[in-house]
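Data first, discussion second: the structure below is written as structure tokens.
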Amino acid sequence: MEIREFNADLIIKNCSILTADFNILNDQNVVIKNKAIVDIGNAASLSNMYQARETFDGKGKLVMPGLIDAHTHTCQQLLRGRITDEYPMIWTRIMVPFESTLQEKDVYISSQLSCLEMIKSGTTAFIDAGGRHMHKAAESVLESGLRGVITCSTMDYGKDIPDTMKSGAEENIRRNLDLYNHFHGAGDGRVDVWFSLRSIITCTPDLIQKVFEAANECSTSVQSHMNEYTNEISYCLENFKMRPFEYLESLGVLDQNFLGAHSILLSENEMDIIKAHNSKVVHCPISNSGKGIPKTPSLLQKGIGVGLGTDGAGHSGLSLFDQMKVFKSLVRAFWGVPIFDPAAMPSKNIIEMATLGGAKAMFKEHQLGTLEVGKKADMVLINIDQPHIQPTHHLLNTLIESVNSNDITDCIVDGKILMKNREVLTMDEEKIKYESKLAMKELSIRANI
Ligand SMILES: [Zn+2]
């Protein structure tokens, strides 16, 4: 019997790759061992160097770092189709009854469906903005094989919010600490637990300060919805005579571990504040399009880390390819047209935001976001040998123009294959779809939405 010595776990052979400086190289091999990328190079020169337990034929495929959804809501998967075209206030009429009725089993199936959709859309990591019963979301992430940041929804203020959704500072911190102690670092580092503010209009200054203190003590990060709605700006101006980021700065809490989701309605001074504290932001183009156009060209020019997010299935589905397409058109129309700059948002920048930008938003750019030796083996394979993709003069442009979630064939996280030829190996797709339908029906009746 032949005894073979393996010096790699997985090799993807003869593929095209998205390089760390966001260019395309053809005829490459990618070698994975012990959850990390151990070699990338010309297929011919690497061909005899590695014996792997598993080999992927990468012919006609592009291998790129997995996309990172830097702002989503795994608890809102069962809201799909319910929000679009609704008049205000969606928060009070739909979101509050929906979220306040969520039970553990709803969160579990919702987050399972969410993970399933992400895997099939080319997303390998995400940041959840915080919901209820988040231990069930953590369980789903662990089972799915994805990488994720989770946190509790944290609120203690607001007349529109039922008592069941808000609690005092101590209770809020205790709940988040519980989650942190149980799940931070679980799955060999695939799950991180952060602290969060749901938004600054639903948190008192006391709670805000305590959340940042607790996160500091745990050496973890904080995220909040920021500068998303005009009423949030009014609230800050009326109560504190400051805009939202100025208000957080005045509380002395802003630092490099803060992620401001949305961050659309920013003043020049607020952008300078974000830069000065080295905080990060994430835009959700489709969700944002009804509220404001982010000042991304200015933010990038200032050197601020910007990620892209979906804002959950309630707003737009979980495809970052869809977000990238819409984002390019939005920024070009709003910022490019008035100054006649057709390249106001180049494809390269958008791909970088959805990968390395997301890694920066997770504070893990040293581990994720690019295909580089030593980084985690989180990547997706795209079938580029299709009539809507080939031939092309510039594959990077075509990635934004024409590629969609269905073109993702395989998904690898931490060196483990989560999807092969579009079959998800870690989750029972049929069961999840069936149970989600039942859960959505029950939940709609219970929440009366
Ligand atoms: Zn959100």
**Prompt:** Is it fair to say ALA343 is over 27 Å from HIS225 (Cα atoms), surrounded by fewer than 20 Cβ atoms within 10 Å (Cβ to Cβ), aliphatic (A, V, I, L, M) and more than 16 Å from the ligand (Cβ to nearest atom)?
**Reply:** yes
**Asked** So which pairs qualify, if the first residue must be in the stretch 138-167 and over 16 Å from VAL107 (Cβ atoms), the second must be open to solvent by 30 Å² or more (accessible area, probe 1.4 Å) and assigned to a helix (DSSP H, G or I), the Cβ gap must be under 6 Å, and the two must be at least 6 apart or on different chains?
**Response** ASP160/THR92; PRO162/SER100
**Request:** Kindly indicate whether any position in the stretch 49-72 is within 16 Å of the ligand (Cβ to nearest atom), among the β-branched types (Val, Ile, Thr) and closer than 30 Å to SER279 by Cα.
**Result:** yes
**Item:** Residues of the stretch 39-85 that turn out to be in contact with a strand residue (DSSP E or B) (Cβ under 6 Å, 6 or more places away or on another chain), free of Cβ contacts under 8 Å to residues at least 40 places away in the same chain and of a type in the set (Gly, Ala, Ser), as a count
**Value:** 1
**Asked** Looking at the stretch 436-449, which of its residues are over 13 Å from LEU116 (Cα atoms) and either touching a Phe, Trp or Tyr at 6+ places or on another chain (Cβ under 6 Å) or of a type outside the set (A, V, I, L, M, F, W, C) (or both)?
**Response** LYS437, LYS441, GLU442, SER444, ARG446, ALA447, ASN448, ILE449
**Message:** Step by step: first the residues of the stretch 258-278, then only those that are under 16 Å from GLN223 (Cβ atoms) and more than 16 Å from the ligand (Cβ to nearest atom), then the one that is most open to solvent (accessible area, probe 1.4 Å). Which residue is that?
**Reply:** ASN278
**Request:** Looking for whichever is within 15 Å of the ligand (Cβ to nearest atom) and not β-branched (Val, Ile, Thr) here; the options are GLN76, GLN103. Which one fits?
**Result:** GLN76
**Failed item in (1) surrounded by 19 or more Cβ atoms within 10 Å (Cβ to Cβ); (2) away from the ligand (no atom under 16 Å from the Cβ), with LEU237 passing the rest** = (1)
**Request:** Filter the strands (runs of 3 or more DSSP E) completely within the stretch 369-437 down to those with at least 3 residues that are more than 23 Å from MET353 (Cβ to Cβ).
**Result:** 416-420
**Message:** I'd like to check something: does the stretch 313-331 contain any residue that is under 23 Å from GLU117 (Cβ atoms) and touching a Phe, Trp or Tyr at 6+ places or on another chain (Cβ under 9 Å)?
**Reply:** yes
**Asked** Of these, LYS210, LYS291, which one is over 30 Å from SER319 (Cβ atoms) and either open to solvent by 10 Å² or more (accessible area, probe 1.4 Å) or not in a loop (DSSP other than H, G, I, E, B) (or both)?
**Response** LYS210
**Message:** Can you tell me which residue is nearest to the ligand (Cβ to nearest atom) among those in the stretch 211-226 that are more than 16 Å from GLY131 (Cα to Cα) and small (Gly, Ala, Ser)?
**Reply:** SER221
**Fill in**
Inside the stretch 279-326, the number of residues satisfying the requirement of being touching a residue at least 60 places away in the same chain (Cβ under 8 Å), among the hydrophobic types (A, V, I, L, M, F, W, C) and more than 16 Å from the ligand (Cβ to nearest atom) is 2
**Item:** Number of the exception - LEU116 against (1) within 15 Å of the ligand (Cβ to nearest atom); (2) in contact with a helix residue (DSSP H, G or I) (Cβ under 6 Å, 6 or more places away or on another chain)
**Value:** (1)
**Fill in**
All-but-one check, MET165 against (1) away from the ligand (no atom under 16 Å from the Cβ); (2) surrounded by fewer than 21 Cβ atoms within 10 Å (Cβ to Cβ); (3) aliphatic (A, V, I, L, M), failing number (1)
**Asked** From the list ASP21, ASP27, which one is touching a strand residue (DSSP E or B) at 6+ places or on another chain (Cβ under 7 Å), within 28 Å of ASN397 (Cβ to Cβ) and open to solvent by 20 Å² or more (accessible area, probe 1.4 Å)?
**Response** ASP27
**Prompt:** Can you tell me which residues in the stretch 64-82 are open to solvent by 10 Å² or more (accessible area, probe 1.4 Å) and among the β-branched types (Val, Ile, Thr)?
**Reply:** none
**Fill in**
Screening MET440, MET419 for residues that are hydrophobic (A, V, I, L, M, F, W, C), open to solvent by 30 Å² or more (accessible area, probe 1.4 Å) and farther than 28 Å from VAL222 by Cα leaves only MET440
**Item:** Residue list for the stretch 38-53, restricted to those being assigned to a strand (DSSP E or B) and under 11 Å from ASN7 (Cα atoms)
**Value:** VAL38, ALA52, ARG53
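The values are calculated or read from the model by the stated rules, or taken from the named source; none is laboratory data. Source: prediction; values computed, not measured. With ideal geometry, Cβ positions are generated from the backbone for all residues, glycine too; neighbour counts draw on all protein chains shown. Quick note on the areas: whole protein, heavy atoms, side chains included, nothing else; ligands and nucleic acids left out. Shrake-Rupley method; radii C 1.70, N 1.55, O 1.52, S 1.80 Å.
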